[in-house]
Amino acid sequence: MRSIGELARVSGLTISALRFYDRSGVLVPALVDPSTGYRWYADDQVAPARLVAGLRRVGMPLAEIAAAVRHRAEPAMVGRLLDGHLRRLEDGLADARRELSRVRALIDPEENPMTTRLVLSRVDLAAALDAVRFAVGADPALPMLSAVLFDADNDGVRLIATDRYRLAVSWVPGRVDGPGTRALAPVALVDRIRALLDTDAPEALLRLDGASVSVSVADDEVSDTVLPYDSPDYGRLLRGPGADGPTYRIEVDVPALRVALAGATPALVRHEGIDMPVTVLGLDDAGGLRVLDGEAPADPGAVRVGVNGRYLLDALDAAGGGQLVLELDGPIAPLAVRRPDDADAFSLLMPIRL
């Protein structure tokens, strides 16, 4: 047996950290002296303690550290946890770089910001705009949502729109010259860009300079200043419930789903004193998607997810195609609508508690 001090020395954890992980149930001592409360650890707890120390140093959340310790004999499982955390760290670093660039511009307004230029397929850019335009907000109290976020990276640009109740994401690959940057393009400019793309030219040039967004196609160009607001943290949603994989991933025939939506009776959910119609989705006996009758008694063991039916139809329209994939991850997680051939374009619909 090893004392708590000895385990601290060989593992790299402090004594206070070992006490914390004991209270959290992550690394419980093999023996606690009933009279003194002193903790003793077995030799085979050295390796788990070193694992905890390493994961603690890279900032892994407590729940995931606990999962890694529980599944340390399953390398594939722990590997998925490590990969997910690494993606979060990489996303956070990219976010920090963009934010620090914005802060530098605030400190020195006279500094000429670098311009990021992206050469994109005109057809792909038009399709990406069509895939997110429906989710742009229209609440005058939230002007930062009346926009599309252009999030440029080293190999393309991601487009994001949200009105808080739904979020749409699309991706356009391209040739990029310049640093990663973000810009909130007002919806009026987005619509002008989309109109500009109704041409036969093969490519479009997108320019982001921190203060404006412009798109050129052949000899025509539209541009405008960006909105002076912080962009919504869409990454937090994408890394939320279901980020490591949905509970149910269901291929659906869109025409059949539309017929089912038209024929189903919505549930009525009381919200702020008003009965709001809610479309209820569930699973059939074969694991396929069902549109449930909102007036029927609920099976307590059945999967049921409530969404705004009109928003679901908007998402189906934006995604297009006869076949789509819906991802369900329980009644309080967003419903995802995806094209089966494009992992980078999808919509999230916020659930309505039934």
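Considering only region 154-178, how many residues are crowded, with 17+ Cβ neighbours inside 10 Å and in a strand (DSSP E or B)?
Our first condition is that a residue be crowded, with 17+ Cβ neighbours inside 10 Å; within region 154-178, this holds for 156-163, 166-172, 174, 176.
Imposing the further condition that a residue be in a strand (DSSP E or B) reduces the set to 156-162, 166-172, 174, 176.
Counting residues in region 154-178 that are crowded, with 17+ Cβ neighbours inside 10 Å and in a strand (DSSP E or B) gives 16.
Got a number for residues in region 37-58 being more than 14 Å from Met1 (Cβ to Cβ) and more than 41 Å from the chain's Cα centre (by Cα)?
Looking only at that region, the number is 1.
Looking only at region 179-187, decide whether some residue is over 28 Å from the mean Cα position of the chain (by Cα), within 19 Å of Val119 (Cα to Cα), open to solvent by less than 60 Å² (accessible area, probe 1.4 Å) and at pLDDT 90 or above.
From region 179-187, those over 28 Å from the mean Cα position of the chain (by Cα) are none; that's our starting set.
Within region 179-187 (the criterion being over 28 Å from the mean Cα position of the chain (by Cα), within 19 Å of Val119 (Cα to Cα), open to solvent by less than 60 Å² (accessible area, probe 1.4 Å) and at pLDDT 90 or above), the answer is no, since none of the residues qualifies.
In this structure, does Ala8 turn out to be surrounded by 15 or more Cβ atoms within 10 Å (Cβ to Cβ), over 30 Å from Asp155 (Cβ atoms), of a type outside the set (D, E, K, R) and without any contact (Cβ under 8 Å) to a residue 24 or more places away in the chain? Working first, answer last.
On the way: surrounded by 15 or more Cβ atoms within 10 Å (Cβ to Cβ): yes; over 30 Å from Asp155 (Cβ atoms): yes; of a type outside the set (D, E, K, R): yes; without any contact (Cβ under 8 Å) to a residue 24 or more places away in the chain: yes.
So Ala8 passes the test.
Of everything in region 335-348, what is closer than 16 Å to Ile250 by Cβ, open to solvent by less than 20 Å² (accessible area, probe 1.4 Å) and either among the aliphatic types (A, V, I, L, M) or in contact with a Gly (Cβ under 7 Å, 6 or more places away or on another chain) (or both)? Give them in sequence order.
Of everything in region 335-348, those that are closer than 16 Å to Ile250 by Cβ, open to solvent by less than 20 Å² (accessible area, probe 1.4 Å) and either among the aliphatic types (A, V, I, L, M) or in contact with a Gly (Cβ under 7 Å, 6 or more places away or on another chain) (or both) turn out to be Leu335, Ala336, Val337, Leu348.
Give Ala73, Ala141 a once-over and let me know the one that is part of a loop (DSSP other than H, G, I, E, B), open to solvent by 70 Å² or more (accessible area, probe 1.4 Å) and modelled with pLDDT of 90 or more.
Working: Ala141 fails: modelled with pLDDT of 90 or more.
Matching residue, one of Ala73, Ala141: Ala73.
For region 188-217: of the residues being part of a loop (DSSP other than H, G, I, E, B) and at pLDDT 90 or above, which is nearest to Gly137 (Cα to Cα)?
Here is the first cut: in region 188-217, the residues part of a loop (DSSP other than H, G, I, E, B) are 197-202, 209-211.
This time we only want the ones that are at pLDDT 90 or above, so: 197-202.
Details: Leu197: 22, Asp198: 24, Thr199: 28, Asp200: 30, Ala201: 30, Pro202: 30 Å.
It comes out as Leu197.
Check region 1-13 and report whether any residue there is among the polar types (S, T, N, Q), part of a loop (DSSP other than H, G, I, E, B), touching a helix residue (DSSP H, G or I) at 6+ places or on another chain (Cβ under 7 Å) and at pLDDT 90 or above.
So in region 1-13, the residues among the polar types (S, T, N, Q) come out as 3, 11.
Of the ones still in play, those that are also part of a loop (DSSP other than H, G, I, E, B) are none.
No, region 1-13 has no match at all.
State the number of residues belonging to region 35-55 that are of a type in the set (Lys, Arg) and within 14 Å of Arg19 (Cα to Cα). Full working, then the answer.
Narrowing region 35-55 to residues of a type in the set (Lys, Arg): 39, 50.
Now restrict to residues that are within 14 Å of Arg19 (Cα to Cα): 39.
Going through region 35-55 one residue at a time, the tally reaches 1.
Restricting region 86-120 to residues that are modelled with pLDDT of 80 or more and closer than 22 Å to Ser212 by Cβ, which is most open to solvent (accessible area, probe 1.4 Å)?
Arg117
Is it the case, given these coordinates, that Gly37 is in contact (Cβ under 8 Å) with a residue 24 or more places away in the chain and on the phi > 0 side of the Ramachandran plot? Let's see the steps before the verdict.
Details: in contact (Cβ under 8 Å) with a residue 24 or more places away in the chain: no; on the phi > 0 side of the Ramachandran plot: yes.
Taking the combined requirement at face value, the residue does not satisfy it.
Return the pair list, or none, for Cβ contacts closer than 8 Å from residues in region 196-210 that are at positive phi to residues that are of a type in the set (Ser, Thr, Tyr), at least 6 apart or on different chains.
Gly210/Ser101; Gly210/Thr181
For region 14-24, state whether one or more residues are within 32 Å of the chain's Cα centre (by Cα) and assigned to a loop (DSSP other than H, G, I, E, B).
Yes, because at least one residue in region 14-24 is within 32 Å of the chain's Cα centre (by Cα) and assigned to a loop (DSSP other than H, G, I, E, B).
Taking into account only those residues within region 34-58 that are open to solvent by less than 50 Å² (accessible area, probe 1.4 Å) and in a loop (DSSP other than H, G, I, E, B), which is farthest from Ala73 (Cα to Cα)?
For region 34-58, the residue satisfying everything is Gly37.
I'd like the residue in region 246-279 that is under 30 Å from Arg80 (Cβ atoms) and open to solvent by 40 Å² or more (accessible area, probe 1.4 Å) and, out of all such residues, is modelled with the highest pLDDT.
Keep residues of region 246-279 that are under 30 Å from Arg80 (Cβ atoms), which gives 246-252.
Narrowing the set further to residues that are open to solvent by 40 Å² or more (accessible area, probe 1.4 Å) leaves 246-249, 251.
Working: Pro246: 60, Thr247: 73, Tyr248: 83, Arg249: 85, Glu251: 89.
Out of the qualifying residues, it is Glu251.
Out of (1) without any contact (Cβ under 8 Å) to a residue 40 or more places away in the chain; (2) over 18 Å from Ala343 (Cα atoms), the odd one out for Asp155 is which?
In the conditions (1) without any contact (Cβ under 8 Å) to a residue 40 or more places away in the chain; (2) over 18 Å from Ala343 (Cα atoms), Asp155 misses (2) alone.
State all residues of region 191-211 that are open to solvent by 30 Å² or more (accessible area, probe 1.4 Å), in contact with a helix residue (DSSP H, G or I) (Cβ under 9 Å, 6 or more places away or on another chain) and within 19 Å of Val226 (Cα to Cα); if no residue qualifies, say none. Walk me through how you get there before you give the answer.
Step one: of region 191-211, the residues open to solvent by 30 Å² or more (accessible area, probe 1.4 Å) are 191-192, 194-195, 198-200, 202-203, 205, 207, 209-211.
Remaining after also requiring in contact with a helix residue (DSSP H, G or I) (Cβ under 9 Å, 6 or more places away or on another chain): 191, 194, 198-200, 202-203, 210-211.
Selection gives Asp191, Arg194, Gly210, Ala211.
Of all residues in region 71-86, which are free of Cβ contacts under 8 Å to residues at least 40 places away in the same chain and either acidic (Asp, Glu) or more than 15 Å from Gly54 (Cα to Cα) (or both)? Let's see the steps before the verdict.
First pass over region 71-86, keeping only residues free of Cβ contacts under 8 Å to residues at least 40 places away in the same chain: 71-79, 81-83, 85-86.
Within region 71-86, His71, Ala73, Glu74, Pro75, Ala76, Met77, Asp83 meet the criteria.
Just wondering, is there one or more residues in region 300-309 that are within 19 Å of Ala128 (Cα to Cα), open to solvent by less than 60 Å² (accessible area, probe 1.4 Å) and modelled with pLDDT under 90?
At the first step, the residues of region 300-309 found to be within 19 Å of Ala128 (Cα to Cα) are none.
No, region 300-309 contains no residue that is within 19 Å of Ala128 (Cα to Cα), open to solvent by less than 60 Å² (accessible area, probe 1.4 Å) and modelled with pLDDT under 90.
The values are calculated or read from the model by the stated rules, or taken from the named source; none is laboratory data. As the structure is a computational prediction, the values presented were derived from the model and not from experiment. Please note: Cβ atoms are built from the backbone with ideal geometry, for glycine as well, and neighbour counts cover all protein chains shown. Only protein heavy atoms, including side chains, enter the accessible area calculation; ligands, DNA and RNA are left aside. Shrake-Rupley method; radii C 1.70, N 1.55, O 1.52, S 1.80 Å.
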